[in-house]
1. Taking amide H positions as placed in the peptide plane 1.01 Å from N, state which residues far from B:VAL91 in sequence (5 or more) or on other chains have amide H under 5 Å from it.
2. At a threshold of 8 angstrom on Cα-Cα distance, excluding pairs fewer than six apart, so keeping six or more, what relative contact order does segment B:105-243 reach in percent?
3. What percent do you get for the relative contact order of chain A when only Cα pairs under 8 Å and 6+ apart count?
4. Show which aspartates and glutamates lie in cross-link reach of B:LYS57 when reach means a straight Cα distance below 19 angstrom and same-chain residues fewer than eight apart are skipped.
5. Give me Rg/Rg_expected for chain A, where Rg uses Cα atoms only and Rg_expected = 2.2 N^0.38 Å with N residues.
6. Taking segment A:147-264 on its own, what percent of its Cα-Cα pair distances exceed 21 Å?
7. What is the gain in length, in nm to one decimal, between B:ARG332 and B:LEU277 on full extension, counting 0.36 nm per residue of separation less the C-alpha to C-alpha distance?
8. I need two numbers for chain B: Rg to one decimal and Dmax as a whole number, Cα atoms only, in Å.
Amino acid sequence: MLKGLMNLFKKDMIIALRNSLFWVLIVTLILMIGMVRFLIPDEIQLTDNRLIFDNSQDKALEKALLYGGLSEENILQSEEEVIEGVRENSQSIGIIYEGSLESPRFTVVHHGKINPQQKKLIDASLKGLMSALTGTNTEEAYQLEFIRPQAPPISKKLTTIPTLLVFEVLILGFMYIALFMFQEKEEGSIRAYRISPGNTSQYILSKTLVFTVVGLVYGFSLVLLTVGTDFNFLYLALTIVLGSALYTFLGGIVGVFFNNISEWFAIGVSLLVINMIPIISSLYPAFSPKFVTYIPSYSILLIFNEILFPTGKQLFSTTLAIVALTIVAYIACHLLVENKLMKEGR
Amino acid sequence: MKRIISIITQDLSTALRDNILVYMLIAPLLLSFGASMLIPSVEDTSIRFAVENSLQKELVMDLREYGEVEEYDSIDEVRNRVEKNDAIVGVVEGEGKLTLLFEGNEPQEVIDTYKAVLSNIMSNKSNVDVQHKSLDQRGSILKEFITIAMIMTTLMISGVISGFNIVAERESKAINAIAVSPLTTRGYIMARGILSNIIAIILAIGSSIILVSFNIDYSNLLIILILSSFLTTLLGLIVGAFAQNQLTAIAVIKLLTPLYVAIPMLSFLIPDRLSFLLYWLPNYWQFQALSNIYFSFPQEVTFLNASILTFITSGIYLLLFSKYLGKKLNLR
């Protein structure tokens, strides 16, 4: 059984590497490392996007903000300048301050529609600013408690690494297992395989092993050359193995229903796009409706984040859920390959 | 012309027979529909609180004005909720003092936001008057950004599927028969380009209608789609020229996708002074032209200039590439 599996693994690995996979991964790796190290800034928000016009007598807000580090470029001299500035830049928000510290009036100039809750949040931050200016902070009225010690801030560009691990490294198996199937169908290898001593498990596992090995080398190269060595190697290796296996099985489940890349492509790409929805949750953590949490990449992203930038969060149950999903995916993939792909090869 | 039409008819009948056309049309449009359902909920995302039932009703009402509130029977339940994977902050009362309960992995700006909310509720300050002035009623930048990404993705799908036909012809050696026919390289490229561009235009307009309805200038969209036809064709030809089989085809696409879709999108993140690094990419100009259509604020390059630059740069690449393709496939 093991010998047969290893022979198949060798054959699949040679096919994968012979067909430019090796060079594509090298070029993509260089592109990703170059992008993370040189192109993406440390802080995505390069400039303060507030445009301020302090129309009060004492210019208290303007002085306080300049003292706090706001650039003079962000201080404008009229309401018209603020409106023009916001109009020209989608990221800007205009704040016009009038009145006095005792009776302040703000006009917030922005693009698009803002819902009432978001408006209240803006109001709260402005009121907080005025409280700080007048020294009437109410922070002593409540306290903060952290379940675990506060995690140190992470460089914004490094936060892209878990995303790249999931959406570049792990998905290799999803795409390539389908292509292996198409190629083998076309060449008649499936028919030959049916009359060989090999079974369906070996067929699936040899391909899974290929993308697990490739995923480990690819994933570790990416992490070591960007994040460094300060992470749990074993946990990362296990997650890559688990994730690669899961996506390979899912790729097999989808792949059996198609005959060639042209048929598969639009659906395959669409599924990969759906798989990417959890990126929104990483950008806006409050956005996590139930259906997004059911997408496997959501949990795997959390696990990678915790491995590379530990906060002490226990993700045992999340990991266990991925293990369970991988087992279910394998069973489904096995049944479909056995009953559909192998039968087509008759 | 007869041979060009014959190749187009052949591609169309293969696409219809294998349901490729159905998948090509349905998948991106369904994706756009899904995105149009999803975007409003992303835009309306607000902060969330997990509170104890015993908390003063007035305070809970105040919190609801700022975000979603989930109520729990005990402090332990609130703690368990906060520890779950999504972002939520607890508000509990212990020893007569309100406590904001964080998990520990929240960025400082999130902590500051929750602090501002609680401070504001507790201070009862009413002397700060805040008015809001919106300059336009269009959706957020997210919707526009996703629409542009969807349009570029549909153009890529249409282009590369045409490239798969070339790969299939290379695999089945049918290309050798085409090579000895009177069809020229230019004719072959036209045959491959016409169908993929018609499908690309239908898909892109369909996706746009689903995502932003009729709130943009569709004549401008049609102009940039037509001026992008060299680029869409080029995508297919690159796949067809560099891939001998389906495995290498996906390898080529893996390199092409970030270059085509992701890099222009990243121009949003990179500093302005570095954007010249992307000027050589026709898809950068295509992205600029689409940005002019979808974003309500003025762009650095006008729609007309960006469209012309898309046409010229992709035309140069297509011209150079057609020579390479002709040699590679032994076409006339």
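The values are calculated or read from the model by the stated rules, or taken from the named source; none is laboratory data. Given the structure is predicted, the values throughout are model-derived calculations rather than measurements. Note that we place each Cβ from the backbone using ideal geometry, even for glycine, and neighbour counts take in every protein chain shown. Surface areas here come from the heavy atoms of the whole protein model, side chains and all, with no ligands, DNA or RNA. Shrake-Rupley method; radii C 1.70, N 1.55, O 1.52, S 1.80 Å.
1. B:ALA50, B:VAL51, B:GLU52, B:LEU101
2. 38
3. For chain A, the relative contact order is 20 percent.
4. Answer for B:LYS57, where 19 Å is the Cα cut-off: B:GLU65, B:GLU68, B:GLU70, B:GLU71, B:ASP73, B:GLU77, B:GLU93, B:GLU95, listed by chain and number.
5. Against the compact-globule rule of thumb, the ratio is 1.33.
6. 48
7. In short, 16.2 nm is gained.
8. Answer for chain B, Rg first and Dmax second: 26.8, 90 Å.
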